Amino acid sequence: MNSISDIQCGEQLTIAQCAEIYAQLLAAMVEGQAVNIDVSQLQRIDSAALQLFYSFQRDARAQGLVTIWSEPSKVFCDAVDILGMGAFYRQNS
Amino acid sequence: MSIDVSQFHQVFFEESFEGLDAMEMGLLGMQEGAADSDDSETINTIFRAAHSIKGGAGTFGFNQVSAFTHGLETLLDQMRNGERDVSQQAINSLLRAVDVLREMLTAVQQGVAIDEDSATAVSLEIEALLQSGTPAMADLETTEPAPTQAAGWQIHFKPHPHLLQTGNDPVRMLQELAGLGDLSVTLDNSALPAFSDLEPEDCYLAWTLTLRGDITREQINEIFEWVEGDCDLSISPLEPEQSAEVETEEPRTEDITEPPAPEAVINPAAEPKKALSETAMSSIRVGIDKVDSLINLVGELVITQSMLSQLGENFEVSRMQQLIDGLEQLERNTRELQEGIMRIRMLPISFAFNRFPRLVHDLSAKMGKQVELKLSGEQTELDKTVMEKIGDPLVHLVRNSLDHGLETPETRLANGKSETGLLHLNAYHQGGTIVIEISDDGAGLNEEKILSKAIERGLVASDDNLAPDKIHELIFMPGFSTADVVSDVSGRGVGMDVVRKNIHSLGGSVEVSSRAGAGSTFTIRLPLTLAIMDGQTIQVGDQRYIIPLISIIESVEIKPGTVKHVTGKGEVYSLRDEYLPIIRLYELFNLTPRSEKLEDGLLVVVEFEDRKVGLLVDELLAQQQVVIKSLESNYRKVTGMAGATILGDGTVALILDISGLLALYRNPSLVRTLKTIRAA
């Protein structure tokens, strides 16, 4: 069993990919794995994906699971800020 | 990959015209100052129609249309948000805007230039309303100073769970808001479930947004306009800052410019420009149930066809009964298919009736009359082509009833009637025809006046003792008008004869009944379709012809001694108390009859515009429904012939046009032309 689960987001992450990412994240959470989410290449992300990550991060944090956000792209950071999630991510990453 | 959007233009135009009809109906139904729930729903409907037109026009690059719609959309938005009272002035301006939009869309559809003058005039009118207007009382209390002067806005935005699935994205919307001013965002995650319970495509988040800056409400509305109905949204102005308050403390009454009186802006006599070209493709919307039933019928036809072809492969005389059954089934299938296809062209007459509430509203206001319009039988179905052609005659009759029939409130009161006159449009099916009645409870036809006018114009002799219904019929004579003053509503004297002519050209008839002081009723009878008609097949020489059944009064055998020869006028037949000219069809068509003796033939009495003639034929054959094929499009127009049809045995029969035959009879030079054609 890998101790870290890698999630590749690619350049675009929208509601169309959410079900797949959700399944990967849920599996990692059930397994108690640390998760590395690669958002470095993201050029487009929508509210459904941001809500998914937000919900995961909140519960993962509560369960003491480690989430690594690798080199977040500017697009990702701006989108997080515009939805008012910036402070939440900056609390403790 | 690029998409050719022009393929969607037709749908856009159809939907936009429907939207405009809905807007018009809604506006006419709205009461000044009323703010009950019915009206707010109506305003919403009107707003949505305007909004769709604006969106569609923008998408397709019809920028003049979308720019024009923007102004009225803003006005409607203020009305539905309760920021503006619904004034009669605003309703009238919006109605004019609907007219302009309709003209604009027609111009765009036909690829001709948009009449910018009328668009600009109405735009200015709407603009003036927006700048001054009558803000709602509630608004005065809570949102002074004017909303656009607020220091900023507080927005609560709670998407409904399905919002993300509609393609709308709060990220994009909030980014647009941030582009307007200084935006601070507070996320509300209280509805967000545990990750394991999350439905990734549902939206659980909500936001409270504070947007500071010189921003109008319209700018914010525009950002949220596509999620209307998919979220809970409240937008309220922030408390203004002290400095702003000082600036806006003065009442702004001085700034208010009265919107110009509508008449000052729009020339009321200006008629919408007539379509310059008729090239726009016509289309029809068909209910899916009608299409499904056609598909079923075609399926049955295919089964019958395969059964018959199987039978044909190994045919024996012993299977004759099966063949007969099969052919009967084929006949049934064909008839049902024909009926099904004819039904596709049928539209409810409400398409023609819908224009009248507006017409009556405008004209009654113009003439200072109070009129209640009652529509019934709107669901009666009629062929689309007939519907398109009956529109103008109907408008004329309605205008006529309003102008000549219904009296002013004072006159009505003086005559012991209620102030409000009743105009009733009714439609129903009767046999194979549709009957449309236009009745009013006005003064009725003035028989004395009609008679004296007819005598003055030499239409009747002063000593003619006409029955009342014959006097009423005089109004259909060319050049007849009894209006004391020629108004721009009706009364130019070119009306009723044209109405009758147009109705006749559709194969229909119009008649009037009237009672002095109680009102008049115009009754129009029309065939349900122009593609098929009931005809009487006749034999003349070796040829068969079809006479439209609707024109035939009766058929008689000619008895010796009933025909007289009149010098210069040919033969006349004495039928009861009338003398009918006899037209020997074989002479007209240059044929050899079975017999030239009148007693050997039959006289078919036909009527056109109150003139009866007898057509001499060799024999009457079957009465049948015939499918009309146009001579004009397949050959050329031939006077006296309405078209042709193919008979059961495959031969072609010409369909007689009674009005044309009368013209031939009166003008022998035309007969020579006809004979030349035959010879060719």
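The values are calculated or read from the model by the stated rules, or taken from the named source; none is laboratory data. Keep in mind that this is a model prediction, so the values were computed, not measured. So basically every Cβ, Gly included, is an ideal-geometry build from the backbone, and we count neighbours across all protein chains shown. Note: areas computed on protein heavy atoms with side chains; ligands, DNA, RNA excluded. Shrake-Rupley method; radii C 1.70, N 1.55, O 1.52, S 1.80 Å.
Some points to look at:
- Under the condition of being on the phi < 0 side of the Ramachandran plot and open to solvent by 40 Å² or more (accessible area, probe 1.4 Å), the residues counted in the range B:543-565 number 12.
- Considering the range B:600-680, the qualifying helices (runs of 4 or more DSSP H), each wholly inside and each with 2 or more residues that are at pLDDT 80 or above, run over B:658-666.
- Taken together, the residues in the range B:150-204 that are open to solvent by less than 50 Å² (accessible area, probe 1.4 Å), under 48 Å from the mean Cα position of the chain (by Cα) and under 17 Å from residue A:21 (Cβ atoms) amount to 6.
- Within the range A:29-39, restricting attention to residues that are within 12 Å of residue B:195 (Cβ to Cβ) and open to solvent by 10 Å² or more (accessible area, probe 1.4 Å), the residue that is farthest from the other protein chains (Cβ to nearest Cβ) is A:30.
- Qualifying residue in the range B:398-405 (condition: among the basic types (Lys, Arg) and in contact with a Pro (Cβ under 8 Å, 6 or more places away or on another chain)): no
- The residues listed here are A:65, A:26, A:42; of these, the one that is outside any helix (DSSP H, G or I), open to solvent by 10 Å² or more (accessible area, probe 1.4 Å) and on the phi < 0 side of the Ramachandran plot is A:65.
- Just so you know, in the range A:45-62 the residues that are in contact with a helix residue (DSSP H, G or I) (Cβ under 9 Å, 6 or more places away or on another chain) and small (Gly, Ala, Ser) include one that is surrounded by the fewest Cβ atoms within 10 Å (Cβ to Cβ), and it is A:60.
- Matching strands (runs of 3 or more DSSP E) fully within the range B:505-574 where at least 1 residues are within 23 Å of the chain's Cα centre (by Cα): B:509-515, B:519-527, B:532-540
- Candidate set: the range B:451-472, residues that are out of contact with any Ser or Thr (no Cβ under 6 Å at 6 or more places or on another chain) and open to solvent by less than 40 Å² (accessible area, probe 1.4 Å); chosen: the one farthest from residue B:402 (Cα to Cα): B:460
- Search result, residues across the range B:168-185 that are more than 7 Å from every other protein chain (Cβ to nearest Cβ) and free of Cβ contacts under 8 Å to residues at least 40 places away in the same chain: B:172, B:179, B:181, B:182, B:183, B:184
- Those residues of the range B:91-114 which are in a loop (DSSP other than H, G, I, E, B) and either open to solvent by less than 50 Å² (accessible area, probe 1.4 Å) or modelled with pLDDT of 85 or more (or both), in sequence order: B:112, B:114
- Among the numbered conditions (1) in a strand (DSSP E or B); (2) free of Cβ contacts under 8 Å to residues at least 24 places away in the same chain, the only one that residue B:153 does not meet is (2).
- Residue match in the range B:228-251 (condition: within 14 Å of chain A (Cβ to nearest Cβ) and modelled with pLDDT of 50 or more): yes
- The criterion of being under 26 Å from residue B:443 (Cα atoms) and among the aliphatic types (A, V, I, L, M) holds for residue B:371.
- Within the range A:13-20, none of the residues are at pLDDT 90 or above, within 14 Å of another protein chain (Cβ to nearest Cβ), in a strand (DSSP E or B) and open to solvent by 30 Å² or more (accessible area, probe 1.4 Å).
- Restricting B:197, B:188, B:214 to residues that are away from every other protein chain (no Cβ under 12 Å), of a type outside the set (S, T, N, Q) and out of contact with any Asp or Glu (no Cβ under 6 Å at 6 or more places or on another chain) narrows the list to B:214.
- Filtering the range B:318-347 to residues that are open to solvent by less than 70 Å² (accessible area, probe 1.4 Å) and either of a type in the set (Gly, Ala, Ser) or closer than 12 Å to residue B:383 by Cβ (or both) leaves B:326, B:340, B:342, B:344, B:346, B:347.
- Of all residues in the range A:82-91 being more than 8 Å from chain B (Cβ to nearest Cβ) and surrounded by fewer than 18 Cβ atoms within 10 Å (Cβ to Cβ), the one that is farthest from residue B:180 (Cα to Cα): A:91
- Unmet criterion (only one of (1) polar (S, T, N, Q); (2) over 22 Å from residue B:660 (Cβ atoms); (3) touching a residue at least 60 places away in the same chain (Cβ under 8 Å)) for residue B:592: (3)
- Every pair of residues 6+ apart whose Cβ atoms lie under 7 Å, when the first sits in the range B:630-645 and is in the same structural domain as residue B:667 (by TED's automatic domain parsing) while the second is among the small types (Gly, Ala, Ser) and open to solvent by 20 Å² or more (accessible area, probe 1.4 Å): B:639/B:663; B:643/B:630
- Check on residue B:340, within 30 Å of the chain's Cα centre (by Cα) and either farther than 30 Å from residue B:27 by Cβ or at pLDDT 80 or above (or both): yes
- Within the range B:571-583, the set of residues being in contact with a strand residue (DSSP E or B) (Cβ under 9 Å, 6 or more places away or on another chain) and open to solvent by 40 Å² or more (accessible area, probe 1.4 Å) comprises B:578, B:579.
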